[in-house]
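**Student:** My structure is below; once you've seen it, I'll send some questions.
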Amino acid sequence: MKENASYKWVDLIKGVGIILIVAGHVLSGPIRDFLYMFHVPLFFFLSGYLYKTSTTFRNVFSKKFISLIVPYTFYFILLSSSLLIIEIVKDRDIKVINNIFTKVFYGGIDLTGWFSVFWFVTSLFFTLLIGSLLVKIRVVYTLIIALVFLILAYTQAFYAPNLPFIFALNTVLYCFPIFYAGHIYSKYKMSISFKKLSGLTMLSLILYLAYPELFYTDIKESKYGLPILTFVMSMVFVLFIFEFFKKYSDLIKLKILSHIGVASMTIMYLHQAVQITLRHQIGITNELLVILLSISFCMMCQFIFNQNKVTRKIFLGQT
């Protein structure tokens, strides 16, 4: 990966992206549905944008195993242990934990509740591995493969949407084309007039608002909206966020947004457990307050984990 220091706007984008993901899990109705169309694709596009073609498969595997799979494992242990303690304290049937362990190990569509976002980690891991191989061949061939992947993703979504795949491997079919779009955008230093992009974004928004049911997206659930057009619209929204922060990052003085971006993976792992507890156990009903408290708690955990070499490695994926 390229060093984020070269792109001051990267952490801002990650900050916005993770806020949108938390909001998507707390809010309901039309706003939630709209956010699902592009908040996860934003991270896959960013991963592709930052990916260096010279990176080897072995290097990607070793680095991403440490930064993604190791934290995945230890957050699983942390959260499942917490659930086990809660079940014991409430004197409930702890057999439910066996079900939790099975689901988290299998991953993908089976992940619910506190673990419902874990699918993203394995999907990103395998997308990066496949990407490390495919970005090295001729662009025209990789574009064809990406299109085939997209067609297969829509085929699976139409004929077998509820078919479980271990570690959410089926989502790679949809996520790799997004990753590669980001890589191509970076490799060829592509740029779109912000004025024209704003027009396309407004057009896409109007189209979405007119037919929201046609464009509903939930990658984890293999719901990709109207074939191809939804994908294109999703990329338009992603590019709008990209170009906005690339163009105006120097004017945005919100350091807290960058800090949230740095802590995005910690927030991703923990926010569901926090927001579900806040709403269903503590009884907080104000959605904006739940979003704020969830992000704040996760950032506090990020700060705590960052104070120790061991916790930095197992929870933050740092070497």
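**Student:** Just to be sure before I move on: is Ile192 β-branched (Val, Ile, Thr), at pLDDT below 95 and more than 16 Å from the chain's Cα centre (by Cα) in the structure I sent?
**Tutor:** Working: β-branched (Val, Ile, Thr): yes; at pLDDT below 95: yes; more than 16 Å from the chain's Cα centre (by Cα): yes.
Criteria met by Ile192.
**Student:** Next up: State which residue pairs qualify: first residue within 20 Å of Gly29 (Cβ to Cβ) and inside region 216-228, second residue part of a helix (DSSP H, G or I) and of a type in the set (S, T, N, Q) in any location, beta carbons under 9 Å apart, and separation of 6 or more residues or different chains.
**Tutor:** Between residues of region 216-228 that are within 20 Å of Gly29 (Cβ to Cβ) and residues that are part of a helix (DSSP H, G or I) and of a type in the set (S, T, N, Q), the close pairs are Tyr216/Thr230; Thr217/Thr230; Thr217/Ser234; Ile219/Ser123; Ile219/Thr171; Lys220/Ser123; Lys220/Thr171; Gly225/Ser234.
**Student:** Taking the residues in region 290-319 that are without any contact (Cβ under 8 Å) to a residue 40 or more places away in the chain and not in a helix (DSSP H, G or I) as candidates, determine which candidate is most open to solvent (accessible area, probe 1.4 Å).
**Tutor:** The residue in question is Gln307.
**Student:** Next question, about the same structure. Would region 266-276 turn up any residue that is out of contact with any Lys or Arg (no Cβ under 9 Å at 6 or more places or on another chain) and assigned to a loop (DSSP other than H, G, I, E, B)? Spell out how you get there, then give the answer.
**Tutor:** Narrowing region 266-276 to residues out of contact with any Lys or Arg (no Cβ under 9 Å at 6 or more places or on another chain): 266-276.
Now drop any that are not assigned to a loop (DSSP other than H, G, I, E, B), which leaves none.
No, the conditions are met nowhere in region 266-276.
**Student:** Among the residues of region 290-310, which ones are in contact with a Ser or Thr (Cβ under 7 Å, 6 or more places away or on another chain) and within 21 Å of Gly113 (Cβ to Cβ)?
**Tutor:** Within region 290-310, Cys298, Cys301 qualify.
**Student:** Still on this model: Mind checking which residues of region 133-156 are over 26 Å from Phe215 (Cα atoms), open to solvent by 70 Å² or more (accessible area, probe 1.4 Å), touching a residue at least 12 places away in the same chain (Cβ under 8 Å) and part of a helix (DSSP H, G or I)?
**Tutor:** Passing the criteria: only Leu133.
**Student:** Mind listing whichever residues of region 105-120 are under 21 Å from Ser82 (Cβ atoms), in contact (Cβ under 8 Å) with a residue 12 or more places away in the chain and either in contact with a Pro (Cβ under 8 Å, 6 or more places away or on another chain) or not β-branched (Val, Ile, Thr) (or both)? Give the steps one after another, and end with the answer.
**Tutor:** Within region 105-120, the subset under 21 Å from Ser82 (Cβ atoms) is 105-107, 110-120.
Cutting the leftovers down to in contact (Cβ under 8 Å) with a residue 12 or more places away in the chain gives us 106-107, 110-111, 113-120.
Across region 105-120, the qualifying residues are Tyr106, Gly107, Asp110, Leu111, Gly113, Trp114, Phe115, Ser116, Phe118, Trp119, Phe120.
**Student:** Another question, then. Which count do you get for residues in region 277-289 that are farther than 17 Å from Trp114 by Cα, assigned to a helix (DSSP H, G or I) and open to solvent by 80 Å² or more (accessible area, probe 1.4 Å)?
**Tutor:** Of the residues in that region, 1 qualify.
**Student:** On to the next question. If I filter region 175-184 for residues that are assigned to a helix (DSSP H, G or I), surrounded by 16 or more Cβ atoms within 10 Å (Cβ to Cβ) and over 18 Å from the mean Cα position of the chain (by Cα), do I get at least one hit?
**Tutor:** Of all residues in region 175-184, those assigned to a helix (DSSP H, G or I) come to 175-184.
Filter once more, keeping what is surrounded by 16 or more Cβ atoms within 10 Å (Cβ to Cβ): 175-184.
Checking which are over 18 Å from the mean Cα position of the chain (by Cα) leaves us with 184.
Within region 175-184, one or more residues are assigned to a helix (DSSP H, G or I), surrounded by 16 or more Cβ atoms within 10 Å (Cβ to Cβ) and over 18 Å from the mean Cα position of the chain (by Cα).
**Student:** Ok, one more. Does Phe76 qualify as being of a type in the set (Phe, Trp, Tyr) and free of Cβ contacts under 8 Å to residues at least 60 places away in the same chain? Break it down into steps so the answer makes sense when it comes.
**Tutor:** On the way: of a type in the set (Phe, Trp, Tyr): yes; free of Cβ contacts under 8 Å to residues at least 60 places away in the same chain: yes.
Spelling it out, Phe76 is indeed of a type in the set (Phe, Trp, Tyr) and free of Cβ contacts under 8 Å to residues at least 60 places away in the same chain.
**Student:** Among the residues of region 237-257, count how many are surrounded by fewer than 20 Cβ atoms within 10 Å (Cβ to Cβ) and more than 19 Å from Ile304 (Cβ to Cβ).
**Tutor:** So the answer is 13.
**Student:** While we're here: Does at least one position in region 219-238 carry a residue that is more than 30 Å from Asn162 (Cβ to Cβ), at pLDDT 95 or above and part of a helix (DSSP H, G or I)? Explain how you work it out, then say what you get.
**Tutor:** Taking region 219-238 and keeping what is more than 30 Å from Asn162 (Cβ to Cβ), we get none.
Looking for residues that are more than 30 Å from Asn162 (Cβ to Cβ), at pLDDT 95 or above and part of a helix (DSSP H, G or I), one finds none in region 219-238, hence no.
**Student:** Continuing with this model, one more query. Give region 193-209 a look and list any residue that's more than 29 Å from Ala168 (Cβ to Cβ) and either open to solvent by less than 60 Å² (accessible area, probe 1.4 Å) or in contact with a His (Cβ under 8 Å, 6 or more places away or on another chain) (or both), or say none. Explain how you work it out, then say what you get.
**Tutor:** If we filter region 193-209 for residues that are more than 29 Å from Ala168 (Cβ to Cβ), which is where we start, we get 193-200, 202-203, 206, 209.
Across region 193-209, the qualifying residues are Ser193, Phe194, Leu197, Ser198, Gly199.
**Student:** Quick check on this structure: which one of Lys253, Lys247 is modelled with pLDDT under 95, under 23 Å from Phe45 (Cα atoms) and basic (Lys, Arg)?
**Tutor:** Values: Lys253 fails: under 23 Å from Phe45 (Cα atoms).
When all the criteria are applied, what remains is Lys247.
The values are calculated or read from the model by the stated rules, or taken from the named source; none is laboratory data. Source: prediction; values computed, not measured. Backbone-built Cβ (ideal geometry, glycine too); neighbour counts: all protein chains shown. When the accessible area is computed, the model is the full protein with side chains, heavy atoms only, and any ligands, DNA or RNA have been set aside. Shrake-Rupley method; radii C 1.70, N 1.55, O 1.52, S 1.80 Å.
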